[in-house]
1. Regarding region 45-57, can at least one residue be identified that is surrounded by fewer than 22 Cβ atoms within 10 Å (Cβ to Cβ) and small (Gly, Ala, Ser)?
2. So which of Val114, Val106, Val150 ends up being at pLDDT below 95, in contact with a Ser or Thr (Cβ under 7 Å, 6 or more places away or on another chain) and under 30 Å from Trp20 (Cα atoms)?
3. Can you tell me which residues in region 79-120 are touching a residue at least 40 places away in the same chain (Cβ under 8 Å), touching a Gly at 6+ places or on another chain (Cβ under 7 Å) and not β-branched (Val, Ile, Thr)?
4. Within region 65-74, take every residue that is touching a Ser or Thr at 6+ places or on another chain (Cβ under 8 Å) and hydrophobic (A, V, I, L, M, F, W, C) and give me the one that is nearest to Val123 (Cα to Cα).
5. Select from region 38-70 the residues that are in a helix (DSSP H, G or I) and among the polar types (S, T, N, Q) and write down the one among them that is nearest to Leu148 (Cα to Cα).
6. Please go through region 117-147 and pick out each residue that is at pLDDT 90 or above and either touching an Asp or Glu at 6+ places or on another chain (Cβ under 6 Å) or charged (D, E, K, R) (or both).
7. Go over the candidates Ala100, Ala157, Ala170 one by one and state the one that is within 24 Å of Leu17 (Cα to Cα) and modelled with pLDDT of 95 or more.
8. Looking at Ser154, Ser135 in this structure, which one is small (Gly, Ala, Ser), under 25 Å from Arg25 (Cα atoms) and either surrounded by fewer than 17 Cβ atoms within 10 Å (Cβ to Cβ) or touching a residue at least 40 places away in the same chain (Cβ under 8 Å) (or both)?
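The values are calculated or read from the model by the stated rules, or taken from the named source; none is laboratory data. Quantities reported herein were computed from a predicted structural model and do not represent experimental measurements. Ideal geometry is used to build each Cβ from the backbone, glycine not excepted, and the neighbour counts take in all protein chains shown.
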Amino acid sequence: MSAAPAPMSSPFGSIRLAGWQLSLRILIGAGIVWVLVHHFGRHDPLWAMISVVIVSEPELDATLVNFRGRALHTVIGCAVGLAFLYTFGPQNWSILLAMAVSVLIVTNLVSQVVAWRITPVTVAIVMMPSVIQGSRVGGTPIALARTLEVLLGSAVAVLVSWIFAEINRARRKARDWARAR
């Protein structure tokens, strides 16, 4: 006689189910942002897709924490990058200085320091197109579009995670109801 498969309530069954669900959430979220980015006339959904992956977690609460951190640090990085770009111009050294200042800002003034790395990365994302083009304003539309894509991908990750949490809650409720009968 062969052994029966492990029930879904076992630690191994839960891990596998959570992994499958996380994989499916990332697939769905990345697909959604791909379509949305293309719908708005952009052809490269990379930053939105990366954000879906970075923000997604097996649990909704953890996804929300990641979203708040990613959104906050992205906005701070965008603001610092634009401020340095317009103050000092599109110089290689201004990116480096802005990245260092952004780290000082988030490690000293922001209570949620967990996602601090996002801030200097966003500074580079915002400033680099202008440095490459040699223009204060030339890369700004690209930089702002990338920042919006990061926020879009992060928001879609939360939405998909919330939908899956509701589905799981309904499944548990139905299972509990069936057991009670």
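1. no
2. So the residue among Val114, Val106, Val150 that is at pLDDT below 95, in contact with a Ser or Thr (Cβ under 7 Å, 6 or more places away or on another chain) and under 30 Å from Trp20 (Cα atoms) is Val150.
3. Within region 79-120, Pro90, Gln112, Ala115, Pro120 qualify.
4. Filtering region 65-74 for residues touching a Ser or Thr at 6+ places or on another chain (Cβ under 8 Å) gives 66-67, 70-71, 73-74.
From the residues that got through so far, the ones that are hydrophobic (A, V, I, L, M, F, W, C) too are 67, 71.
Working: Phe67: 18, Ala71: 14 Å.
Of everything passing the filter in region 65-74, Ala71 is nearest to Val123 (Cα to Cα).
5. Taking region 38-70 and keeping what is in a helix (DSSP H, G or I), we get 38-39, 46-55, 60-70.
Cutting the leftovers down to among the polar types (S, T, N, Q) gives us 51, 63, 66.
Working: Ser51: 11, Thr63: 19, Asn66: 16 Å.
Residue satisfying both the conditions and the ranking: Ser51.
6. Arg117, the sole residue that qualifies.
7. On the way: Ala100 fails: within 24 Å of Leu17 (Cα to Cα); Ala170 fails: modelled with pLDDT of 95 or more.
Going through Ala100, Ala157, Ala170 in turn, just one is within 24 Å of Leu17 (Cα to Cα) and modelled with pLDDT of 95 or more: Ala157.
8. Values: Ser135 fails: under 25 Å from Arg25 (Cα atoms).
Just a single option satisfies the conditions, and that option is Ser154.
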